[in-house]
Amino acid sequence: APFLGGPGCRGASRRWALVTPPIVVTALYGMGHVPYALALVESLRRVGPYRVVIVHADVDADALGLLGKHADLWPFQREERGETSRSGRAAGKLEAGAHGLEGCWDGPVVLLDADTFIAKPLAPAFDRPFDVAHTIRPGRRWTINSGVVFVRNSLGVRAWFRRWCALAADILADPVEKQAAIDQWGAPDQAALVRSLAPPPFVGFSSVSLPA
């Protein structure tokens, strides 16, 4: 893999974004989404090839054996906070995504929810210049989609992602703000995504929206 390290690795310059297929990172918590993750990996095989990283917790050995045939498996242990709600799991997904980005060298990365199915190649999205591209669903009640995010991984982008995680944690900590985020954006992590992009987190930062 040209730019895949392991947790904590660093590497190539941003020129990799022009010559290297994107790596796909997804987070998998528990057994409930294993069938979706298997379908995601298979869909990526059909439109790839892509290097797939699954950041996982609480997944049994049999499931990991199946997933590991076509993906790199990175264990992740999140601090236990007693969060069992959908929004709490979404915050955990963000922290796992941050763990995944920290383990990848600089270059194109696509962060996907485990229950995503890919029907078209991902690489053409990187024909546009951006640091972060979030996806939108026009015509839907909640247009922001935090489950599909394209990034050109870099030191600045990793700092932005940590900012997104922190904003999501702040919203989750306030019940009133959490409910307002759900009402307006569908989930706290989606509200935090909107906040994380404005104002820009660093000089020269570029973000765009793409249809999901």
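The values are calculated or read from the model by the stated rules, or taken from the named source; none is laboratory data. It should be emphasised that the depicted structure is a prediction, and the values quoted were computed from it without experimental measurement. FYI the Cβ positions are ideal-geometry reconstructions off the backbone, even for glycines, and counts take in every protein chain you see. Accessible surface is based on the protein model in full, side chains and every heavy atom, while ligands, DNA and RNA are left aside. Shrake-Rupley method; radii C 1.70, N 1.55, O 1.52, S 1.80 Å.
Laid out as a table, the results:
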quantity: Meets criteria (touching a strand residue (DSSP E or B) at 6+ places or on another chain (Cβ under 7 Å), among the charged types (D, E, K, R) and at pLDDT below 95) for ARG140; calculated: no
quantity: Selection count where residues are more than 18 Å from the chain's Cα centre (by Cα) and outside any loop (DSSP other than H, G, I, E, B), scope the stretch 43-63; calculated: 6
quantity: Residue tally, condition surrounded by 21 or more Cβ atoms within 10 Å (Cβ to Cβ) and not in a loop (DSSP other than H, G, I, E, B), over the stretch 102-125; calculated: 7
quantity: Qualifying residue in the stretch 41-59 (condition: hydroxyl-bearing (Ser, Thr, Tyr), more than 24 Å from PRO129 (Cβ to Cβ), open to solvent by 80 Å² or more (accessible area, probe 1.4 Å) and modelled with pLDDT of 80 or more); calculated: no
quantity: Top-ranked residue in the stretch 185-203 [being free of Cβ contacts under 8 Å to residues at least 40 places away in the same chain and open to solvent by 20 Å² or more (accessible area, probe 1.4 Å); ranked as farthest from the chain's Cα centre (by Cα)]; calculated: VAL203
quantity: Filter pass, LYS93 being part of a helix (DSSP H, G or I) and either within 20 Å of PHE76 (Cβ to Cβ) or under 16 Å from the mean Cα position of the chain (by Cα) (or both); calculated: yes
quantity: VAL176 vs. criteria open to solvent by 30 Å² or more (accessible area, probe 1.4 Å) and modelled with pLDDT of 95 or more; calculated: yes
